[in-house]
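Mind looking over this structure? Questions follow.
Read-outs: derived from the displayed coordinates by stated rules, not from any lab. Computed from a prediction, not measured in an experiment: that's the story for all the values here. Heads up, the Cβs are rebuilt from the backbone with ideal geometry, glycines too, and the neighbour counts pull from every protein chain shown.
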Amino acid sequence: MSIPSAEPNEFRESPSGNRWITAEKPATLREKVHLGFLTARGWGFFAAGAIALLLAFLMGRRELLAISLFLLLTPLLAAFLLRFGNSELDVTRTFNPQQATTDSGVRVRLHITHRGSGAGPVTLRDTLPEDFGAGPEFRYPSRTAIPGPGGSGSWYEYRLRLATRGIYSIGPVRAQVGDVFGLASRPAALDAPSALLALPVCEMLEPTGIPGEHGSHGQAASNRRLTPDSFEVMTREYRPGDTVRRIHWPATARKGTLMVRQEDYRATPRAVLMLDRSRAAFLAQGVGAEPVLKIPQFTSTPKDSSRRFEWGLHAALGIGAYLAQTGFGIDLIDHRGTSINAVSASGTEDSAELFAGPHATARMQQALAALGLEDAAGERREPARATLAAALKERLRERGDRLVLILGEITEAQADSWLEVVGARSKVTVLCVANREGHLAPVISRFRQAGWAAVAVNPKSSLAEAWAELGRTS
């Protein structure tokens, strides 16, 4: 896995807004208790004041006492005011693009401005996650920086290369802030950390047909409408209890009364993609333990992942994008029957909706960006079969609906459990991800005997080849 890197350079474009800026990161203990420390000039003033105070007592001269008090109190007063005063520097951070895919570059742009008539030279450093190393350092004001609009402030830019998906915490910008006389200085965070969302890469599958639908040749079934956008068919009048998220504003404006979207499941069949998040299935322990990958969660504790889980997530995204383009509404859930939107820190706001329409792939990328394996505490709770079976039954309502199971390394007993939970359904596709797919031969055999399209893969397998093999085995 490549190591993220940061490369500083100048900025020459105007920024765009960033929707991921959140609350300020808590201050460090040093910043909480630090009352300001003196610079070399400040310590010189203090030492001169101490000497003058000693001479005033030895010589009995009142004028020396006044001078000594001035020299002693001036740097201390500067440090006190600096501690409780606000920084005169303002920082605005934006990203281009706002949401980048893994193994791609992103520009971090900083707009530095100051309040007041002028600002002394300040050394600034942006804070980056540990994997990126030390953040870029630059000085403000600087002759090499590009002046901002109207000559206010300066623009700076550096580049980041993202190696893994997740929500990265970028910032805050830290500086050594000093008083105008250079007597005291203190470290300060000038802004809040910003969230940079790194999306997983989506592999687009060739239209070779859907496993279990012979003769489709990549096309949707005859009862599937690809563009269900008619107001008359897909909307109805608002009823008490309807969620406001279903209000269809164009239809409301046309009818003059509140209208809500009406799902037509017969016209839009559903594909349920179940991605197993259990640690036991994707993260081997003890002898032969595999390395744990960390998925950033902004300021929260990173989530665990593995090479096999990353392959499964990659497969869920690629298959989901293919089925969405074919005309399915995609329902992403985990092994407990919970929506991925509800368990992922990057889940979209409309967590109750299907992934459908022209933006389905982008929304799935966002929902899966910060998804990790189940926490160790949750792993101790065995998923209730009855609950999972009920969730699948509720989601799979029509004969045209499909179920795709993306599992880890499971046993024959666990395969029988999945057969029992899912029940008698013919349109089921299973991918099992193992380090050595030969160990899953009995499991795949059980699934195929039940009439399911099943195949075993390893983290080095090609998703396109695995999808093509599923088509051959269905």
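If I model a spin label as a point 7 Å beyond the Cα along the Cα-Cβ vector, how far apart are those points for D416 and R436 in nm?
My value for the distance between the label points is 2.4 nm.
Let me ask something else about it. How much length, in nm to one decimal, is gained on full extension between S300 and A377, taken as 0.36 nm per residue of separation minus their Cα-Cα distance? Don't skip to the answer; put the middle values down first.
Numbers: separation 77, 0.36 × 77 = 27.72 nm, distance 1.63 nm.
Full extension from S300 to A377 adds 26.1 nm.
Multiplying the sequence separation of K393 and R236 by 0.36 nm and subtracting their Cα-Cα distance, what value in nm do you get?
That pair, K393 and R236, stretches by 53.9 nm at full extension.
How would you rank 317-324, 197-204, 133-140, highest first, on the average number of other Cβ atoms within 10 Å across their residues? Intermediate values should be presented prior to the final figure.
Working: 317-324: 23.9, 197-204: 19.2, 133-140: 16.9.
The peptides rank, most packed first, as 317-324, 197-204, 133-140.
Could you tell me the extents of segment 284-341's C-alpha atoms along the three principal axes, largest first, rounded to whole Å?
That gives 43, 30, 20 Å along the principal axes, largest extent first.
For the pair F181 and R159, what calculated FRET efficiency results from E = 1/(1 + (r/R0)^6), where r is the Cβ-Cβ distance and R0 = 45 Å, to the nearest 0.05? Each step should come with its number before you reach the end.
Details: r = 38 Å, r/R0 = 0.84.
Here the calculated transfer efficiency is 0.75.
Cut-off 18 Å, label point 7 angstrom out along Cα-to-Cβ of A134: give me the residues of segment 177-200 whose amide nitrogen falls inside.
Answer for this model: 177, 187-188.
Just to be sure I follow: if Rg is taken over the C-alpha atoms of segment 396-460 and Rh is the Kirkwood radius over the same atoms, what is Rg/Rh?
0.97
Right, next: If you stretched the chain out fully between R41 and A362, how much longer would it get, using 0.36 nm times the residue separation minus the C-alpha to C-alpha distance?
Working: separation 321, 0.36 × 321 = 115.56 nm, distance 5.62 nm.
Length gained, R41 through A362: 109.9 nm.
Using label points projected 7 Å from each Cα along Cα→Cβ, tell me how many nm separate T113 and R472, to one decimal.
Output for this residue pair reads 6.3 nm.
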